[in-house]
1. Sequence gap at least 6, Cα distance under 8 Å: using those rules, report the relative contact order of the chain to the nearest whole percent.
2. Classify the range 157-315 as rounded, prolate or oblate, taking a ≥ b ≥ c as the square roots of the eigenvalues of its Cα gyration tensor: rounded when a/c is under 1.5, otherwise prolate if a/b is larger than b/c and oblate if not.
3. Which residue, Glu19, Glu301, Glu97, tops the fluctuation ranking in a GNM of the chain built on C-alpha contacts under 10 Å?
4. Take each of the peptides 41-48, 205-212, average the number of other beta-carbon atoms within 10 Å over its residues, and list them starting from the highest.
5. Using the Cα gyration tensor of the range 121-218, with a ≥ b ≥ c the square roots of its eigenvalues, what is the shape: rounded (a/c below 1.5), prolate (a/b larger than b/c) or oblate (neither)?
6. Need the list of lysines near Lys217 for cross-linking: C-alpha distance under 28 angstrom, and skip anything on the same chain fewer than eight residues off.
7. Would you mind giving the average projected area, over all directions, of the Cα convex hull of the range 15-134 in nm² with one decimal?
8. Show me, bin by bin at 10 Å from 0, the whole-percent P(r) of the range 198-267 based on Cα pairs.
Amino acid sequence: MEKKNIDWENLGFSYMETEKRYVSHFKDGAWDEGALTGDATVALNECAGVLQYAQTIFEGLKAYTTEDGRTVTFRPDLNAARMADSAVRLEMPVFPEKRFVEAVVQTVAANRAYVPPFGSGATLYIRPYMFGTNPVIGVKPADEFQFRVFTTPVGPYFKGGVKPLTICVSDFDRAAPHGTGHIKAGLNYAMSLYAIQTAHRNGFDENMYLDAATRTKVEETGGANFLFVTKDGKVVTPKSDSILPSITRRSLVYVAKECLGMEVEEREVLFEEVKDFAECGLCGTAAVISPVGKVVDHGKEICFPSGMSDMGPVTKRLYETLTGIQMGKLEAPEGWIVEI
(Lines give C-alpha, C1' and ligand atoms only; values in the text may rest on other atoms or scores of the structure.)
Protein backbone atom coordinates (compact mmCIF):
# COMPACT_ATOMS: atom_id res chain seq x y z
CA MET A 1 0.00 0.00 0.00
CA GLU A 2 1.30 3.43 -0.93
CA LYS A 3 2.08 5.70 2.01
CA LYS A 4 0.23 8.98 2.54
CA ASN A 5 1.97 12.14 1.40
CA ILE A 6 2.97 13.32 4.87
CA ASP A 7 6.12 15.11 6.01
CA TRP A 8 7.03 12.15 8.21
CA GLU A 9 10.31 13.53 9.52
CA ASN A 10 8.67 16.69 10.87
CA LEU A 11 5.65 15.17 12.57
CA GLY A 12 4.97 16.26 16.14
CA PHE A 13 3.62 14.09 18.93
CA SER A 14 0.00 15.09 18.31
CA TYR A 15 -3.31 13.76 16.93
CA MET A 16 -3.91 13.37 13.20
CA GLU A 17 -7.16 11.73 12.15
CA THR A 18 -6.74 8.55 10.11
CA GLU A 19 -9.31 6.80 7.93
CA LYS A 20 -10.64 3.94 10.06
CA ARG A 21 -11.17 3.06 13.70
CA TYR A 22 -12.62 0.00 15.46
CA VAL A 23 -15.80 0.18 17.56
CA SER A 24 -17.60 -2.44 19.66
CA HIS A 25 -20.62 -1.92 21.98
CA PHE A 26 -21.45 -3.68 25.23
CA LYS A 27 -25.19 -3.94 25.97
CA ASP A 28 -27.44 -6.43 27.78
CA GLY A 29 -24.41 -8.18 29.20
CA ALA A 30 -22.52 -8.89 25.99
CA TRP A 31 -20.17 -7.33 23.44
CA ASP A 32 -21.38 -7.08 19.84
CA GLU A 33 -19.24 -8.29 16.94
CA GLY A 34 -17.53 -4.91 16.49
CA ALA A 35 -16.54 -3.31 13.20
CA LEU A 36 -14.36 -0.70 11.55
CA THR A 37 -15.91 2.68 10.85
CA GLY A 38 -14.89 5.86 9.10
CA ASP A 39 -16.74 8.04 11.63
CA ALA A 40 -14.35 9.63 14.15
CA THR A 41 -17.11 11.20 16.27
CA VAL A 42 -18.60 9.79 19.49
CA ALA A 43 -22.22 10.66 20.39
CA LEU A 44 -23.08 10.45 24.10
CA ASN A 45 -26.01 11.20 26.35
CA GLU A 46 -25.34 14.18 28.63
CA CYS A 47 -25.58 11.86 31.64
CA ALA A 48 -23.25 9.15 30.29
CA GLY A 49 -21.28 7.34 32.97
CA VAL A 50 -17.96 8.46 31.53
CA LEU A 51 -18.97 12.13 31.80
CA GLN A 52 -20.40 11.93 35.32
CA TYR A 53 -18.05 9.50 37.09
CA ALA A 54 -14.96 9.18 34.84
CA GLN A 55 -15.55 5.50 34.10
CA THR A 56 -12.93 5.17 31.38
CA ILE A 57 -9.72 3.22 30.78
CA PHE A 58 -7.20 3.22 27.94
CA GLU A 59 -4.02 1.73 26.52
CA GLY A 60 -1.21 2.94 24.27
CA LEU A 61 1.06 1.06 21.89
CA LYS A 62 2.67 1.56 18.49
CA ALA A 63 2.99 0.09 15.01
CA TYR A 64 6.27 0.31 13.10
CA THR A 65 7.70 -0.23 9.64
CA THR A 66 10.65 -2.55 10.07
CA GLU A 67 13.96 -2.35 8.25
CA ASP A 68 12.78 -5.04 5.79
CA GLY A 69 9.46 -3.26 5.10
CA ARG A 70 7.06 -5.21 7.32
CA THR A 71 4.36 -3.53 9.43
CA VAL A 72 4.45 -4.78 13.02
CA THR A 73 3.25 -3.95 16.50
CA PHE A 74 4.93 -4.70 19.81
CA ARG A 75 3.54 -7.04 22.51
CA PRO A 76 -0.19 -6.13 22.14
CA ASP A 77 -1.10 -9.15 24.28
CA LEU A 78 0.33 -7.36 27.33
CA ASN A 79 -1.77 -4.28 26.59
CA ALA A 80 -4.82 -6.53 26.33
CA ALA A 81 -4.08 -8.13 29.70
CA ARG A 82 -3.43 -4.78 31.38
CA MET A 83 -6.69 -3.36 30.03
CA ALA A 84 -8.53 -6.38 31.39
CA ASP A 85 -7.06 -5.66 34.84
CA SER A 86 -8.10 -2.01 34.52
CA ALA A 87 -11.65 -3.00 33.56
CA VAL A 88 -12.07 -5.30 36.55
CA ARG A 89 -10.88 -2.58 38.95
CA LEU A 90 -13.37 0.01 37.56
CA GLU A 91 -16.36 -2.39 37.36
CA MET A 92 -16.29 -2.46 33.58
CA PRO A 93 -16.77 -5.51 31.34
CA VAL A 94 -13.53 -7.07 30.15
CA PHE A 95 -13.04 -6.83 26.41
CA PRO A 96 -11.75 -10.32 25.48
CA GLU A 97 -7.98 -10.26 25.18
CA LYS A 98 -7.86 -12.16 21.90
CA ARG A 99 -10.40 -9.76 20.40
CA PHE A 100 -8.35 -6.82 21.68
CA VAL A 101 -5.32 -7.98 19.69
CA GLU A 102 -7.51 -8.66 16.64
CA ALA A 103 -9.02 -5.15 16.89
CA VAL A 104 -5.54 -3.60 17.03
CA VAL A 105 -4.42 -5.61 13.99
CA GLN A 106 -7.58 -4.71 12.02
CA THR A 107 -7.24 -1.01 12.81
CA VAL A 108 -3.57 -0.84 11.86
CA ALA A 109 -4.20 -2.83 8.67
CA ALA A 110 -6.98 -0.42 7.68
CA ASN A 111 -4.64 2.54 8.26
CA ARG A 112 -1.47 0.98 6.85
CA ALA A 113 -0.90 4.01 4.61
CA TYR A 114 -0.39 6.07 7.77
CA VAL A 115 2.34 3.83 9.22
CA PRO A 116 5.48 5.97 8.84
CA PRO A 117 8.34 4.56 6.74
CA PHE A 118 11.39 3.02 8.36
CA GLY A 119 14.06 5.53 9.25
CA SER A 120 11.71 8.52 9.46
CA GLY A 121 11.78 8.56 13.27
CA ALA A 122 7.97 8.47 13.29
CA THR A 123 5.56 5.67 14.28
CA LEU A 124 1.84 4.92 14.27
CA TYR A 125 0.44 5.41 17.77
CA ILE A 126 -2.46 3.09 18.67
CA ARG A 127 -5.00 4.07 21.33
CA PRO A 128 -7.47 1.40 22.53
CA TYR A 129 -9.95 2.74 25.09
CA MET A 130 -13.27 1.96 26.77
CA PHE A 131 -15.90 4.11 28.48
CA GLY A 132 -19.36 3.99 30.07
CA THR A 133 -22.06 5.28 27.70
CA ASN A 134 -25.53 4.96 29.27
CA PRO A 135 -27.05 7.62 31.60
CA VAL A 136 -25.90 7.21 35.23
CA ILE A 137 -26.97 9.78 37.83
CA GLY A 138 -26.48 7.73 41.01
CA VAL A 139 -22.94 6.75 41.92
CA LYS A 140 -22.79 3.30 40.35
CA PRO A 141 -21.19 1.58 37.35
CA ALA A 142 -22.61 2.08 33.88
CA ASP A 143 -24.45 -0.79 32.17
CA GLU A 144 -23.41 -0.02 28.60
CA PHE A 145 -19.94 0.62 27.20
CA GLN A 146 -17.98 1.31 24.04
CA PHE A 147 -14.58 -0.16 23.23
CA ARG A 148 -12.74 1.73 20.51
CA VAL A 149 -9.33 1.77 18.83
CA PHE A 150 -7.96 4.70 16.83
CA THR A 151 -4.54 5.35 15.32
CA THR A 152 -2.52 8.49 14.64
CA PRO A 153 0.96 8.95 13.15
CA VAL A 154 3.30 10.66 15.56
CA GLY A 155 6.81 12.03 15.41
CA PRO A 156 9.67 11.06 17.70
CA TYR A 157 9.37 11.97 21.35
CA PHE A 158 12.76 13.68 21.16
CA LYS A 159 13.02 16.52 18.65
CA GLY A 160 16.62 17.39 17.83
CA GLY A 161 18.12 14.46 19.70
CA VAL A 162 18.03 13.06 23.20
CA LYS A 163 18.31 15.69 25.92
CA PRO A 164 18.33 14.50 29.55
CA LEU A 165 15.46 15.81 31.64
CA THR A 166 15.42 17.80 34.84
CA ILE A 167 12.70 16.56 37.18
CA CYS A 168 11.46 17.63 40.59
CA VAL A 169 10.26 15.76 43.65
CA SER A 170 6.54 16.44 43.67
CA ASP A 171 4.57 17.74 46.64
CA PHE A 172 1.55 15.88 45.25
CA ASP A 173 0.73 12.19 45.54
CA ARG A 174 0.17 10.23 42.35
CA ALA A 175 -1.64 7.25 43.86
CA ALA A 176 -2.84 6.10 47.26
CA PRO A 177 -2.01 2.71 48.73
CA HIS A 178 -4.73 0.25 47.63
CA GLY A 179 -5.96 2.84 45.11
CA THR A 180 -5.85 2.81 41.30
CA GLY A 181 -2.19 3.54 40.60
CA HIS A 182 -1.65 0.06 39.13
CA ILE A 183 -4.25 0.46 36.34
CA LYS A 184 -4.45 2.71 33.28
CA ALA A 185 -7.54 4.73 34.15
CA GLY A 186 -8.30 8.18 32.79
CA LEU A 187 -8.92 9.46 36.33
CA ASN A 188 -5.25 8.89 37.25
CA TYR A 189 -4.12 11.16 34.45
CA ALA A 190 -6.74 13.84 35.11
CA MET A 191 -5.49 14.31 38.67
CA SER A 192 -1.88 14.49 37.45
CA LEU A 193 -2.49 17.46 35.13
CA TYR A 194 -2.22 20.16 37.80
CA ALA A 195 0.94 18.57 39.18
CA ILE A 196 2.69 18.37 35.80
CA GLN A 197 1.67 21.90 34.82
CA THR A 198 2.98 23.13 38.18
CA ALA A 199 6.29 21.38 37.45
CA HIS A 200 6.44 22.98 34.00
CA ARG A 201 5.70 26.44 35.41
CA ASN A 202 8.61 25.97 37.80
CA GLY A 203 10.98 25.02 34.97
CA PHE A 204 10.97 21.22 35.32
CA ASP A 205 10.24 18.57 32.69
CA GLU A 206 8.49 16.06 34.95
CA ASN A 207 7.66 15.05 38.50
CA MET A 208 9.13 12.33 40.65
CA TYR A 209 6.32 10.97 42.80
CA LEU A 210 7.13 9.37 46.14
CA ASP A 211 4.94 6.81 47.89
CA ALA A 212 1.91 8.43 49.50
CA ALA A 213 2.16 6.49 52.77
CA THR A 214 5.69 7.41 53.88
CA ARG A 215 7.04 9.72 51.14
CA THR A 216 10.39 7.92 51.39
CA LYS A 217 10.24 5.61 48.34
CA VAL A 218 10.44 6.38 44.63
CA GLU A 219 7.33 5.41 42.67
CA GLU A 220 7.02 6.85 39.13
CA THR A 221 6.26 9.99 37.15
CA GLY A 222 2.84 10.99 35.81
CA GLY A 223 3.23 8.71 32.81
CA ALA A 224 6.36 6.58 33.07
CA ASN A 225 8.22 4.11 35.28
CA PHE A 226 11.72 4.79 36.60
CA LEU A 227 14.83 2.81 35.73
CA PHE A 228 18.10 3.37 37.58
CA VAL A 229 21.63 2.12 36.95
CA THR A 230 24.11 1.64 39.80
CA LYS A 231 27.75 2.69 39.53
CA ASP A 232 28.72 -0.95 38.97
CA GLY A 233 26.24 -1.36 36.09
CA LYS A 234 23.31 -3.03 37.82
CA VAL A 235 19.79 -2.11 36.60
CA VAL A 236 17.31 -1.25 39.36
CA THR A 237 13.57 -0.57 38.96
CA PRO A 238 11.18 0.45 41.76
CA LYS A 239 8.60 -2.10 42.90
CA SER A 240 5.25 -1.05 44.37
CA ASP A 241 1.60 -2.12 44.20
CA SER A 242 0.64 1.43 43.20
CA ILE A 243 2.95 1.67 40.16
CA LEU A 244 1.52 1.09 36.69
CA PRO A 245 3.14 -2.08 35.25
CA SER A 246 4.81 -0.50 32.21
CA ILE A 247 5.13 -2.85 29.25
CA THR A 248 8.23 -0.95 28.13
CA ARG A 249 9.83 -1.29 31.55
CA ARG A 250 9.07 -5.01 31.70
CA SER A 251 10.54 -5.43 28.23
CA LEU A 252 13.69 -3.51 29.18
CA VAL A 253 14.11 -5.69 32.28
CA TYR A 254 13.93 -8.81 30.10
CA VAL A 255 16.37 -7.32 27.57
CA ALA A 256 18.80 -6.39 30.33
CA LYS A 257 18.71 -9.87 31.89
CA GLU A 258 18.31 -12.21 28.95
CA CYS A 259 19.83 -10.35 26.00
CA LEU A 260 22.59 -8.30 27.61
CA GLY A 261 23.42 -10.45 30.64
CA MET A 262 23.01 -7.61 33.12
CA GLU A 263 22.10 -7.97 36.77
CA VAL A 264 18.61 -6.57 37.48
CA GLU A 265 16.81 -5.79 40.74
CA GLU A 266 13.09 -5.03 40.96
CA ARG A 267 12.65 -3.77 44.50
CA GLU A 268 11.62 -0.85 46.69
CA VAL A 269 13.90 2.12 46.01
CA LEU A 270 14.37 4.60 48.85
CA PHE A 271 14.63 8.23 47.77
CA GLU A 272 17.83 8.56 49.80
CA GLU A 273 19.44 6.04 47.39
CA VAL A 274 18.86 8.21 44.31
CA LYS A 275 22.00 10.29 44.86
CA ASP A 276 24.10 7.11 44.61
CA PHE A 277 22.91 5.96 41.16
CA ALA A 278 25.00 6.55 38.03
CA GLU A 279 22.09 6.79 35.55
CA CYS A 280 18.35 7.39 35.61
CA GLY A 281 15.69 7.02 32.93
CA LEU A 282 11.91 7.16 32.47
CA CYS A 283 10.38 4.17 30.66
CA GLY A 284 7.30 4.48 28.47
CA THR A 285 5.75 3.83 25.07
CA ALA A 286 6.40 7.33 23.73
CA ALA A 287 10.21 7.40 23.97
CA VAL A 288 11.18 3.93 25.27
CA ILE A 289 13.67 5.58 27.66
CA SER A 290 13.87 9.29 28.46
CA PRO A 291 17.19 9.97 30.24
CA VAL A 292 17.16 12.03 33.43
CA GLY A 293 20.13 14.26 34.14
CA LYS A 294 19.05 15.92 37.36
CA VAL A 295 16.53 15.52 40.19
CA VAL A 296 15.70 18.60 42.29
CA ASP A 297 14.34 18.08 45.78
CA HIS A 298 13.04 21.48 46.93
CA GLY A 299 16.18 23.29 45.83
CA LYS A 300 18.65 20.48 46.54
CA GLU A 301 20.07 19.11 43.28
CA ILE A 302 20.96 15.49 42.62
CA CYS A 303 23.07 15.35 39.43
CA PHE A 304 23.73 11.96 37.85
CA PRO A 305 27.26 11.19 36.62
CA SER A 306 25.77 10.43 33.17
CA GLY A 307 25.30 14.19 32.83
CA MET A 308 22.97 16.55 30.95
CA SER A 309 24.24 15.97 27.39
CA ASP A 310 23.30 12.39 26.46
CA MET A 311 22.02 9.05 27.70
CA GLY A 312 24.29 7.16 30.05
CA PRO A 313 26.09 4.18 28.49
CA VAL A 314 23.93 1.47 30.06
CA THR A 315 20.67 3.31 29.36
CA LYS A 316 21.75 3.86 25.75
CA ARG A 317 22.59 0.19 25.30
CA LEU A 318 19.16 -0.80 26.62
CA TYR A 319 17.46 1.76 24.38
CA GLU A 320 19.30 0.67 21.25
CA THR A 321 18.61 -3.02 21.93
CA LEU A 322 14.88 -2.63 22.53
CA THR A 323 14.33 -0.26 19.60
CA GLY A 324 16.40 -2.63 17.46
CA ILE A 325 13.96 -5.42 18.35
CA GLN A 326 10.94 -3.20 17.67
CA MET A 327 12.26 -2.06 14.29
CA GLY A 328 13.33 -5.50 13.10
CA LYS A 329 17.07 -4.89 13.27
CA LEU A 330 17.50 -7.50 16.02
CA GLU A 331 15.79 -10.83 16.55
CA ALA A 332 12.80 -10.54 18.88
CA PRO A 333 11.96 -12.91 21.71
CA GLU A 334 9.14 -15.26 20.78
CA GLY A 335 5.71 -13.61 20.73
CA TRP A 336 6.94 -10.01 21.07
CA ILE A 337 6.30 -8.93 17.49
CA VAL A 338 2.90 -9.23 15.78
CA GLU A 339 3.04 -8.71 12.03
CA ILE A 340 0.12 -6.90 10.40
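1. The value is 19 percent.
2. Rounded, because the longest to shortest axis ratio a/c is under 1.5.
3. Greatest mean-square fluctuation among the candidates belongs to Glu301.
4. 205-212, 41-48
5. oblate
6. Within the straight-line limit of under 28 Å, Lys217 reaches these lysines: Lys163, Lys184, Lys231, Lys234, Lys239, Lys257, Lys275, Lys294, Lys300, Lys316.
7. 8.0
8. For the range 198-267, the binned pair fractions read 18, 44, 30, 7, 0 percent.
The values are calculated or read from the model by the stated rules, or taken from the named source; none is laboratory data. Predicted, not measured: the structure shown is a model, and the values here were computed from it. Because the Cβ atoms are built from the backbone with ideal geometry, glycine has one as well, and the counts that use them run over all protein chains shown. For the accessible areas, the whole protein counts, side chains as well, though only heavy atoms, and no ligand, DNA or RNA atoms are used. Shrake-Rupley method; radii C 1.70, N 1.55, O 1.52, S 1.80 Å.
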